[in-house]
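These notes concern the structure reproduced below.
Since every read-out is calculated from the coordinates, none of them should be taken as a lab result. The model shown is predicted, which means the values in this text are computed figures rather than measured ones. Positions of Cβ are generated from backbone atoms using ideal geometry, with glycine treated the same way; all protein chains shown enter the neighbour counts.
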């Protein structure tokens, strides 16, 4: 992603970690109706650029998401090992995907990962229900006939995935590097999670 000239002081991984942190902080404003998704997309870029004291023009902020999304999609390709493990997992568990975002963007990601038509998909732009709103979780539980006491929510965002699922009584598995021990199980990567559940 050649959008930013990364300096020795920080890397693209640092930038994206801060980007995700700001993203989590701003989403509650969207849920409260104080900010639109379009405004969130621009504001999170501004805050991260300001944090790293990167000079920018407003036009860059407006174009960042489209450029970033294009670059992100180009990087996604089918991981046959991951795909085979997900298919193996689905032989013993019912799997569904719950995602925030625009329909076209999310479905393109799912397609590029090789998951298209393999699992039921619930996208906020299509359902009108956005995580962490509990209605988004109730909807998928109801539509798929999942028993709350026998359902595991796997996610990489504590505020959007783990905490709301716990409030509903779901078991939770967090995938990421946050050192807060909030979820029932924590894994560094999706590969670690799959290795554990496919034992």
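Applying 1/(1 + (r/R0)^6) with R0 = 30 Å to the Cβ-Cβ distance of residue 147 and residue 111 gives a FRET efficiency near 0.50. Indicate the gyration tensor shape class of segment 1-136 (rounded, prolate or oblate), computed on the Cα atoms with a ≥ b ≥ c the square roots of the eigenvalues: a/c under 1.5 is rounded; otherwise a/b larger than b/c is prolate and the rest oblate. Note, shape of segment 1-136 comes out oblate. Could you tell me whether segment 80-197 comes out rounded, prolate or oblate from its Cα gyration tensor? Rule is a ≥ b ≥ c as square roots of the eigenvalues, rounded for a/c under 1.5, then prolate if a/b exceeds b/c, otherwise oblate. Note, shape of segment 80-197 comes out rounded.
Placing pseudo-labels 7 Å out from each Cα toward the beta carbon at residue 139 and residue 159 gives an inter-label distance of 2.0 nm. Comparing Cα centroids, segment 160-174 and segment 80-120 end up 20 angstrom apart. Annotation: peptides 62-72, 86-96, 44-54, ranked by per-residue average of other Cβ atoms within 10 Å with the highest first, follow the order 44-54, 62-72, 86-96. Here the simple spin-label model places points 7 Å from the Cα toward Cβ, and for residue 118 and residue 52 these points are separated by 3.2 nm. Rounded to the nearest 10 degrees, the inclination of helix 80-89 to the longest alpha-carbon principal axis of the chain is 40 degrees. Angle of helix 12-31 to the longest C-alpha principal axis of the chain, folded into 0 to 90 degrees and rounded to 10: 70°. Nearest 10 degrees, 0 to 90: what angle lies between the long axis of helix 103-113 and the longest principal axis of the chain (Cα atoms)? Once rounded, one gets 70 degrees. From its DSSP helices (H runs of at least four residues, each -39,500 (n - 2.57)), the chain gives a residue-normalised ellipticity at 222 nm of -15500 deg cm²/dmol. Taking a ≥ b ≥ c as the square roots of the eigenvalues of the alpha carbon gyration tensor, segment 12-75 is rounded, as a/c is under 1.5.
Taking segment 107-133 and a reference point 7 angstrom along Cα→Cβ of residue 82, the backbone N atoms nearer than 11 Å belong to 110, 112-115. Of all DSSP beta bridges located in segment 47-199, what percent are antiparallel, nearest 5? If I count the DSSP bridges inside segment 47-199, around 0 percent turn out antiparallel.
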